[in-house]
Structure formats: structure tokens, C-alpha cells
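Working notes for the structure below.
The values are calculated or read from the model by the stated rules, or taken from the named source; none is laboratory data. From a predicted model like this one, the values you see are computed outputs, not experimental measurements. All Cβ positions, even for glycine, are placed from backbone atoms using ideal geometry, and neighbour counts span all protein chains on display.
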Amino acid sequence: MKYQPVIGLEVHVQLLTDTKIFCGCSTKFGSEPNSQTCPVCLGLPGALPVLNKKVVEFAIKAGLSTNCSITPRSIFARKNYFYPDLPKGYQISQFEEPICQHGWLDIQLDGQEGKRIGITRIHMEEDAGKLVHGDLTGLDDNSGVDLNRACTPLLEVVSEPDLRSSDEAVSYLKQLHQIVTWLGLCDGNMEEGSFRCDANVSVMPVGSDTFGTRAEIKNVNSFKFVKQAIEYEIQRQIDLIEDGGTVVQETRLFDPNSGRTRSMRSKEEAHDYRYFPDPDLVPLVICDEWVERSRTELPELPEQCRKRFVSQLGLTEYDAEVLTANRPLAEFFEAGVAAHGNAKAVANWTMGEITRSLNDSGTSIRECPVTPQLLAELLKLIDEGTISGKIAKTVFDEMWRSGKAPQLIVEEQGLVQVSDGGAIESIIDEIMAANAGQVEEYRGGKEKVFGFFVGQVMKVSKGKANPAVVNELLLKKLKG
């Protein structure tokens, strides 16, 4: 029997606010344990939460960018469960009336038609603290509790069970990741837990419309691990069914070292959490004017930007995809085009030398020492014939190192391209005289030798000879 996977994702997006969702404590990552806490996020008696307006604004923008409806009246609820890193014994979340509902994202896999993935809801909630185990605490076999992360603002984005493969799941996850980072809602750092995913996985016989029992894989923190965890879980469930066993509803953890999932606990149902409206927080009422103001503040989204790069700037689909990987990169490229005009040339250098140097140095595009304006100046020197493309790479490396303008570097290092036919002809004559055998080979029909002569001219001229002039004169002289 063949089986069809059914996958739904619950994604936790940590918001880039300066302070927590219900108090004024800092959200800065990496501080001393328990140094960013107060009576509210510690859950001390009598401490009352106050909603951070910025969290609401971010939630509205996330909802609008994922085609959700914004709920005019939403409420906060207490989700009751006990865990050592949950100081109040409950988590403030949203249940029956979340802030965003009924959205969707379109995904596209190579060679396949696009597919629309439904988004059930987006709701606001607070994060729990963090347990630190064993050697990391310096307490041998004991565990410590760091509550710096408690009360950090999260959005939980819950998809419909519309995904049917690990590739679809990763495609959806990457698109959501791109949107929230593009909008500046989240830094997207999966290693630090700023963007993490729970995957609900089940299988059903092909042709059936009845979903199987699902297992939830908690807190997977990379695209690679999401794919591996889903694929392992699909096969585990199929093997279990075919061996006569039964899939049980449970929460599982993914071990990246073994590539396996393992049972963590039985899966709770909603009633197990005993949700009820939080009596300390009044209902949140969002007027139409607030929603429309947020809509006008949204920038052009990645998909719209990609389409414009193709239709208006003449880029290929691939180039547009690369250049919209993140918003700062897209903005760098557009500034370069505005300064130079040739979109394809700017794209090639941005995807080539700029990206290579950023990766080699571990530098972000916002800190790039070669600005779009300096890159445009360099490309103009190539257009004018002042330097060759090869020399331009030498100039670029010095621009990266020193931050100097390309014209100044060319003048200081004497890198102006030689286009004087007489000077180049003199070099060619010397090379032909020193390599008479290769000249005869070329004239005897071995045309590949032409590249040898070009290389020799460029070597003698230290890369300064104009390639077009070199080719023209070499052809004329070699043909005798």
C-alpha cells in the first residue's frame, strides 16, 4: 500500500521588539542568566501584565503580508501547564479569538505548478524561559533555569495541513522566514531560536481523505533538520503501520546527530490546557484605521520585488531570486542600478564579487565597504575602457580593503588600460618572434594556439592591454 504524508507546521517567530510583550524588560539575547527579569515576567504575586503596542503592530503586519484577515476583537487566554521554565504555571497566549485568521502563502517547487498553503491563524503569545542542563550550568548533573527569555514576544503561525512532502514544508517555511525578516519583524536566527518550527506529521493511504494519527515534532531549528525530521517521521509511521502497529498521538523530539525522532510525551489536546480568558488583560480592539495605516506602512514584499526585477529590469528569474534573498541585498542592488543604469552588470557584480567578499569576511551587506555608488563608479571605468574587467577585480579587492574610490586606486597603481595600438603591436611582435613554433602551428590550422598568444600579451602587459584591441591585432598579425 502507498501512503500520502500530511504535514502542518506551527512556526514560532520571535519579534524584534526592544522590550517584552507584557513588561519593560529587555529582549537582548546573550545576557547573564536571569538578569533581564522583573516581577511580571517572573510571575510574582500581584504583578500585572501590560500589552506592548509594538507587538500588536508587528502581528498586524505579519497577518497582512500573509493574506490573513485581522480580527477586530481578539482576546488573550491563559494556557495552563506545568514546566520548570514557565514561572507563572501558565502561558499567556490566544486561543478562540486570535489576532489574524484565514490566510495563505503560495509556494513553488522546481518543475511543479504553484500550490497555495492555507494559514489557519497567527496569534500573539509570550515565550517561556530556558532550561540549561548539565555541564553548561557548572552544576554537574543538575539543571538551571534562565528566565531572561520568559515573556519574550512571539507570533505563532499555524498552517493548514496542506503540505504533502518535506520539500513543500521547507519551501513554505523559507518563504515565511523571508517575509518576517524582510519586514524587520524577526531576525530569523534559527540557531538562537528566533525562528523555530513544530511539524505535525501523519500518513494516510493514497486516495483516502481521512487523516492518520499525527505526531508533533517540537522545536526544529534549521531548514535542513526540518526536512530530515519530517522524512524520518514519515518513514517511521509507514514502517510501524506495515508491521501491524498503531501510530499514537504524541510529541517527539528530533535528534540531529542520529537523524531520528524520539518520543518525548503524549500529545496534549486543547482541553488539557484548560484555556480561559486572562482576567488581567482586556480584549484587544483593532479599528479599521489601524489596519489600513499598517497596510500603507508595508514595504514591497519579496514576491512583488522579484516580479518587478524580471519585468522592469530584465533580470532572469534566477537572478531575481538571488537578489531578493533578503531586503538589504535587494536595496543594495537597486541603489547600484540607480547609480549606474545597467541592471545586468550590477546584478553580476553583486551576486559575484560582492557576495563572495561578504561570505569570505563574514560581513553583512549593510556593513559592505564597497557602497553601491562605488560599485557604479567601478563599472563606469569598465564601460569607458579605462580598465579591463580583469583589472577591475584587482581594483575591487583594493576598494574592499581600503574603502578608496576606484578612480583613485587606478591612478595610484597605474592600472589604466592600454588601448594604444602601437604599444600593443610592439608587444605582439616580440611574443611572435619568441614563439615562432606556435605561430606556425596556428597558421597550420591549430587555432587553439590563439589563446596562448592572448595570454602572453596580457602577461607582458600585466593585464593592462585592452582585450578587444589585442584580439584584433593578433588575428591580423597571425594570419600574416
### Message
Just to confirm my filter: which strands (runs of 3 or more DSSP E) fall fully inside the stretch 92-189 and include at least 2 residues that are at pLDDT below 95 and touching a strand residue (DSSP E or B) at 6+ places or on another chain (Cβ under 8 Å)?
### Response
130-133, 143-146
### Summary
Within the stretch 319-368, residues modelled with pLDDT of 95 or more, out of contact with any Phe, Trp or Tyr (no Cβ under 9 Å at 6 or more places or on another chain) and of a type in the set (S, T, Y) come out as T355
### Query
Restricting to the stretch 453-480, what's the tally of residues that are within 44 Å of the chain's Cα centre (by Cα), assigned to a helix (DSSP H, G or I) and of a type in the set (A, V, I, L, M, F, W, C)?
3
### Task
Please specify each residue of the stretch 325-339 satisfying the condition of being surrounded by fewer than 21 Cβ atoms within 10 Å (Cβ to Cβ) and closer than 15 Å to G352 by Cβ.
A325
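Residues checked against (1) among the hydrophobic types (A, V, I, L, M, F, W, C); (2) under 25 Å from I92 (Cβ atoms); (3) in the same structural domain as I92 (by TED's automatic domain parsing); (4) without any contact (Cβ under 8 Å) to a residue 12 or more places away in the chain:
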| residue | (1), (2), (3), (4) |
| --- | --- |
| M124 | yes, yes, yes, no |
| N142 | no, no, yes, yes |
| L154 | yes, yes, yes, no |
| R164 | no, no, yes, no |
| E168 | no, no, yes, no |
| K174 | no, no, yes, no |
| W182 | yes, no, yes, no |
| D198 | no, yes, yes, no |
| D209 | no, no, yes, yes |
## Note on the structure
For the stretch 92-122, the count of residues that are under 26 Å from V145 (Cα atoms) and crowded, with 21+ Cβ neighbours inside 10 Å equals 1
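What helices (runs of 4 or more DSSP H) lie completely within the stretch 359-435 and have 2 or more residues being over 16 Å from L473 (Cβ atoms)?
Per the criteria, 372-383, 389-402, 406-413.
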### Message
among the charged types (D, E, K, R) and touching a residue at least 60 places away in the same chain (Cβ under 8 Å): which single residue out of R308, R327 fits that description?
### Response
R327
## Note on the structure
Pairing a residue in the stretch 394-406 that is in the same structural domain as I382 (by TED's automatic domain parsing) with any residue that is outside any helix (DSSP H, G or I) and among the β-branched types (V, I, T), where Cβ atoms lie under 6 Å and the two sit 6 or more apart in sequence or on different chains, gives M399/V370; W400/V370
### Task
Examine the stretch 174-197 for a residue that is over 16 Å from the mean Cα position of the chain (by Cα) and of a type in the set (S, T, N, Q), and state whether such a residue exists.
no
### Message
Take the residues in the stretch 429-467 that are touching a Leu at 6+ places or on another chain (Cβ under 8 Å) and over 22 Å from L415 (Cα atoms); name whichever of them is surrounded by the most Cβ atoms within 10 Å (Cβ to Cβ).
### Response
Y442
### Task
Answer yes or no: is there a residue in the stretch 68-75 that is among the charged types (D, E, K, R), farther than 25 Å from L173 by Cα and modelled with pLDDT of 95 or more.
yes
### Query
Can you tell which of I387, I427 is more than 30 Å from E334 (Cβ to Cβ) and modelled with pLDDT under 90?
I427
### Task
Please find, among A343, A320, the residue that is of a type outside the set (V, I, T), outside the structural domain of N189 (by TED's automatic domain parsing) and more than 19 Å from the chain's Cα centre (by Cα).
A343
### Message
Within the stretch 296-324, take every residue that is of a type in the set (G, A, S) and closer than 16 Å to V346 by Cα and give me the one that is surrounded by the fewest Cβ atoms within 10 Å (Cβ to Cβ).
### Response
G314
### Message
Which of the numbered conditions does T246 fail, given that it passes all the others? Conditions: (1) in contact (Cβ under 8 Å) with a residue 12 or more places away in the chain; (2) in contact with a Phe, Trp or Tyr (Cβ under 9 Å, 6 or more places away or on another chain).
### Response
(2)
### Query
Taking the condition among the hydroxyl-bearing types (S, T, Y), closer than 28 Å to K307 by Cβ and in contact with a His (Cβ under 9 Å, 6 or more places away or on another chain), does T120 pass?
yes
### Condition met for F211 (surrounded by 13 or more Cβ atoms within 10 Å (Cβ to Cβ) and assigned to a loop (DSSP other than H, G, I, E, B))
yes
